[in-house]
Amino acid sequence: MNKYLQLFRIGNAAMGIIGVTVASFMASGTGIAEHWVNLIISAVVVFMFIAGGNSLNDSIDAEIDKTAHPERPVPSGRMTAAEARRVGGVMLAGSVAVSVLTFDLKCIAIVAIACAMMVAYELRLKQRGFVGNLTIAALTGMTFLMGGAVVHNAEGNAVVALMAALVSVGREIAKDIEDMEGDEGRSTLPMRIGPRKAAAVASAFFVAGPALSVMPMVWNSYGPLYYLVVVADAVFVYCAYKVFSDPHKAQSLAKKAMLIALVAFILGVAIPWPS
């Protein structure tokens, strides 16, 4: 594979573009076609952002990847860590520059803040456990805000963005509990307060996210199929229980529950209540 395509992780970039497009649909419904120019711009922005983040990651984790991912461009010797770092910086800066073409201040701000958070995470926060967990969770939620911003309705995705961020914190902590033995050099929450207390924190986040799903029901924001979200809520509550005994299963189920919740939001937008 071309070294740049491999560095950028094209599959991840494609998933990111799909995610933001879905988020745009959630914020605009059938009117999404009216914003086709911004949708194209957002696809370029997301591609550059993810490519930049992955490039920066590979430049920093060059030594680790010699064992974990020896086929990647930097550890395989096809690219230097300095080159990957320069590519990462150019792509992240480029994503902010391209976002200006949306002429939406919220969109530009979201992209700029996300880039700053990504750089901070890779350079410092990744090793600091809980702060890093919060950063990744915030970036997850900002995907939905970005999707809303490009169709001029970031506020429309505020609830789902916060829900995604909250359950993502729980999932990140569960992963840290699972990886305690191999996380040398990091200061994760389970390492600092112990796995059981960390599980309690993760459990609280797994419950807090689904609790917000009631708000669109009260506001009658979505169609009847949105109520499928209760299935996702039930899985998240189970994760809150399971994280104490099996953090791997909890974080794996949480990922599936996030997908179910996303489908519920999409269907709720696509099929409104009968008039």
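Here, each number is a calculation from the coordinates, and none is a lab measurement. Bear in mind the structure is a predicted one, so any value in this text is a computation, not a measurement. FYI the Cβ positions are ideal-geometry reconstructions off the backbone, even for glycines, and counts take in every protein chain you see.
Between the alpha-carbon centers of the stretch 25-42 and the stretch 172-251, tell me the distance in whole angstrom.
31 Å
If Lys and Arg each add +1 and Asp and Glu each add -1, what is the summed charge of the other residues whose beta carbon sits under 12 Å from the beta carbon of V87? Before the final figure, lay out the partial values.
Numbers: positive: K3, R85, R86; negative: D58, E83.
After counting each charged neighbour, the total is +1.
Determine the relative contact order of the stretch 1-142: mean sequence separation of Cα pairs under 8 Å and six or more apart, normalised by residue count, in whole percent. Can you show the working numbers first?
On the way: 143 pairs, mean separation 34.2, N = 142.
Rounded, it is 24 percent for the stretch 1-142.
Using Cβ contacts closer than 10 Å as the measure, can you line up M15, M146 from fewest to most? Spell out each step's value before the answer.
Numbers: M15 13, M146 29.
The order, fewest Cβ neighbours first, is M15, M146.
In whole Hz, what ³J(HN,Hα) sequence does the stretch 247-255 give by Karplus (6.51, -1.76, 1.60; θ = phi - 60°), x for Gly and Pro?
Once rounded to whole Hz, the list reads x, 5, 5, 4, 6, 5, 5, 4, 5.
Given the options F130, M146, Y226, identify the residue whose Cα lies farthest towards the positive end of the charge dipole of the stretch 119-249 (+1 on Cβ of Lys, Arg; -1 on Cβ of Asp, Glu).
The residue sitting farthest along the positive end of the dipole is F130.
Would you list S245, S252 from fewest to most Cβ contacts within 10 Å?
On the way: S245 9, S252 17.
Taking fewest neighbouring Cβ atoms as first place, the list is S245, S252.
Run the reach check for K126 against lysines, Cα to Cα strictly under 24 Å, same-chain hits fewer than 8 apart removed. What comes back?
By straight Cα distance, K126 reaches K66, K175, K197, K249, K255.
Sum up the charges of everything whose Cβ sits under 14 Å from the Cβ of A116, counting Lys and Arg as +1 and Asp and Glu as -1, but leave A116 out. Could the numbers behind the result be given before it?
Values: positive: R124; negative: E122.
Value of the local net charge: 0.
Per residue of the chain, what 222 nm ellipticity follows from adding -39500 (n - 2.57) for every DSSP H run with n ≥ 4, rounded to the nearest 500?
Numbers: 13 runs with 202 residues, N = 275.
The per-residue figure over the chain is -24000 deg cm²/dmol.
Hey, rough spin-label estimate for V263 and V230, points 7 angstrom out along Cα→Cβ, what's it come to in nanometres?
For V263 paired with V230, the spin-label model returns 1.7 nm.
Using only the Cα atoms, what convex hull volume per residue in Å³ does the chain have?
Numbers: hull volume 33.3 nm³, N = 275.
It comes to 121 Å³ per residue, whole-number rounded.
Suppose the chain between V214 and M15 were pulled fully straight at 0.36 nm per residue; how much longer would it get relative to their current alpha carbon spacing? Walk me through the numbers before you get to the answer.
On the way: separation 199, 0.36 × 199 = 71.64 nm, distance 2.78 nm.
Length difference between fully extended and current span is 68.9 nm.
Using the number of other C-beta atoms within 10 angstrom as an exposure proxy, rank E83, E122 with the fewest first. Could the numbers behind the result be given before it?
Details: E83 16, E122 22.
Ranking E83, E122 by Cβ neighbours within 10 Å, fewest first, gives E83, E122.
With bins 5 Å wide starting at 0, give me the P(r) of the stretch 216-263 over every alpha carbon pair, in whole percents.
5, 23, 26, 18, 12, 9, 5, 1
Could you work out the pair-distance distribution P(r) of the stretch 154-275 from its alpha-carbon pairs, with 10 angstrom bin width and percents rounded to whole numbers?
15, 42, 26, 13, 4, 0
Would you calculate the volume per residue, in Å³, of the smallest convex hull containing every Cα atom of the stretch 1-152?
Details: hull volume 15.3 nm³, N = 152.
Hull volume normalised by residue count: 101 Å³.
So what is the relative contact order of the stretch 154-275, in percent, for Cα pairs below 8 Å that sit 6 or more residues apart?
Numbers: 162 pairs, mean separation 37.0, N = 122.
Averaging sequence separation for qualifying contacts and normalising by length gives 30 percent for the stretch 154-275.
Over the chain, what relative contact order in percent results from Cα pairs under 8 Å that are six or more residues apart? Write out the running numbers ahead of the final one.
Details: 429 pairs, mean separation 48.6, N = 275.
Dividing the mean separation by the residue count of the chain yields 18 percent.
Report the paramagnetic label zone for F103: residues of the stretch 35-62 whose backbone N is under 15 Å from a point 7 Å from Cα along the Cα-to-Cβ axis.
Output list for this probe position: 35-39, 41.
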